[in-house]
Amino acid sequence: MDDFFTIVSKGVIILPVVIVIMALIFKFNQPVRQTNIPSYVNKPTTTPIPVKKIGLDIKGPWVCRYKHNQVEYFLSIKDRKIILEVNEKGQIKKKDFSQYSSIVENFFNLEYSQLVNMIKPYLPEGVDLKELVNSFKKN
């Protein structure tokens, strides 16, 4: 009976040690995954995209003609005075937006993408904002 307890006590001590050693061998014997890109591989470079600001000054003189859905818009800007004429089916309506000149000036100093994000939800469907901005001509 003494031999039985001697063998069991040695097994109780040795078996966990063997299990830990086997676990460490399996853990550290796995192939190493290389996560770094080798230096000889060309890494993609990012080039900064030039920021395109609208860059119109509110002092002008600027004119803009735009047509959408059989309605023609004529906008003139001169010395912070902003006049919009809307020609719909032969009826011309004039609107003075001079009181909003500081807001318009802020719009003109934005980047194009920022202006699109701000104004796009308020524009009627089918209005091409890029075409609208490009239609401004120095008078």
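Observations, loosely collected:
- Pairs of Lys residues in region 76-128 that lie 8 or more places apart, or on two chains, and have C-alpha atoms under 22 angstrom apart add up to 7.
- Working from label points 7 Å from Cα in the Cα-to-Cβ sense, the residue 66 to residue 92 distance is 2.0 nm.
- The chymotrypsin sites (Phe, Trp or Tyr not before Pro) of region 72-106 that meet both conditions, a loop assignment by DSSP and at most 16 other Cβ atoms within 10 Å of the site Cβ, are 97.
- Excluding same-chain neighbours fewer than eight residues apart, the lysines reachable from residue 10 by a Cα-Cα span under 28 Å are 27.
Coordinate-derived values only; no laboratory data. Computed from a predicted structure; not experimentally measured. Heads up, the Cβs are rebuilt from the backbone with ideal geometry, glycines too, and the neighbour counts pull from every protein chain shown.
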